[in-house]
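Participant: The following block contains the structure, expressed as structure tokens.
The values are calculated or read from the model by the stated rules, or taken from the named source; none is laboratory data. What you see is a predicted model; the values in this text were computed from it and never measured. In this analysis, Cβ positions are derived from the backbone assuming ideal geometry, glycine residues included, and neighbour counts consider all displayed protein chains. Surface accessibility is based on the protein's heavy atoms, side chains included, excluding ligands, DNA and RNA. Shrake-Rupley method; radii C 1.70, N 1.55, O 1.52, S 1.80 Å.
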Amino acid sequence: MRFRFTSTAIDTAQARRQLLDQGAGGYVSFEGWVRDFNEGQEVTRLEYEAFQELAVKEGERIVAEALQRFPVRQALCIHRIGNLDLSDMAVWVGVSAVHRGEAFDACRHIIDEVKHRVPIWKKEHYRSGDSGWVNCERCAAAPHHDSASHSMHK
Amino acid sequence: MQLKVQYYALMREQAGRSEEMLETAAATPADLYVELTSRYRFTLTREQLKVAVNSEFSDWSRRLAAGDAVVFIPPVAGG
């Protein structure tokens, strides 16, 4: 299983151990964190929701593609669901490889594809008391623009 | 024909439910979305959505069969 969800804090030490490989000379990981602002609003907490049956299949496909496309040894992605506070880790990606270059490239590829393809939704709660589904509320009222999904919001 | 429809995120809130069994004459996911939008006033247009049938991405023109499970997928925001 190379993509999974957890409703409790991501155990990065345990996840990293899954990537250990005697043929690997390096390891790269990415952590996405809950940030306190997005698009001009002060964020106080987040909720993540997923269509898990399809999300796990699509996440597995993304990691399998990365393993095929880049010459890396092991790769894994773990995503949180449920309620998260500021600075909590929302997503973790780890890759081990013979050389560092492929590990960086594959790690970047996996997080970028996960953000665009996996059916996961994020509801932001704001200091103002308001809340909104990211990429859904504003795009319902105005023509879709893609800045939210490229803002590296975590 | 009876279908199972599951709702997530904004659409779950707008429908006021996370799933339902539905008796419908809709032949395709596209027809079903028109029917459900008139019932629940979904604000997302079909162009903003993807659709899944039986937990796999599907075309909007797929012929639905009795017992299919349909999920409309709003713009995603993982990470």
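Participant: Only one of A:Glu49, A:Glu60 is open to solvent by 40 Å² or more (accessible area, probe 1.4 Å) and under 20 Å from A:Ile10 (Cα atoms); which?
Facilitator: Matching residue, one of A:Glu49, A:Glu60: A:Glu60.
Let's see how each residue does on (1) in a strand (DSSP E or B); (2) aliphatic (A, V, I, L, M); (3) under 13 Å from the mean Cα position of the chain (by Cα):
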residue: A:Leu19; (1), (2), (3): no, yes, no
residue: A:Arg35; (1), (2), (3): no, no, no
residue: A:Cys77; (1), (2), (3): yes, no, yes
residue: A:Leu84; (1), (2), (3): yes, yes, no
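Participant: If you go through the range A:113-138 one residue at a time, how many are within 12 Å of another protein chain (Cβ to nearest Cβ) and either farther than 16 Å from A:Ala75 by Cβ or surrounded by fewer than 24 Cβ atoms within 10 Å (Cβ to Cβ) (or both)?
Facilitator: Final tally of qualifying residues: 18.
Participant: Any chance you could count how many residues in the range A:86-112 are surrounded by fewer than 17 Cβ atoms within 10 Å (Cβ to Cβ), touching a Gly at 6+ places or on another chain (Cβ under 8 Å) and part of a helix (DSSP H, G or I)?
Facilitator: 1
Participant: Within the group B:Arg17, B:Arg41, which residue is within 12 Å of chain A (Cβ to nearest Cβ), under 24 Å from A:Glu47 (Cβ atoms) and loosely packed, with under 14 Cβ neighbours inside 10 Å?
Facilitator: Result of the check over B:Arg17, B:Arg41: B:Arg41.
Participant: Okay, moving on. In contact with a His (Cβ under 6 Å, 6 or more places away or on another chain) and of a type outside the set (Ser, Thr, Tyr), is that true of A:Arg73?
Facilitator: The answer is no for A:Arg73.
Participant: When the residues of the range B:56-66 are filtered to those that are away from chain A (no Cβ under 11 Å) and touching a strand residue (DSSP E or B) at 6+ places or on another chain (Cβ under 7 Å), which remaining residue is most open to solvent (accessible area, probe 1.4 Å)?
Facilitator: That would be B:Arg62.
Participant: Next up: If only one of B:Val53, B:Val5, B:Val71 is facing chain A (nearest Cβ under 10 Å), open to solvent by less than 60 Å² (accessible area, probe 1.4 Å) and at pLDDT 95 or above, which one is it?
Facilitator: Criteria check complete, one pass: B:Val71.
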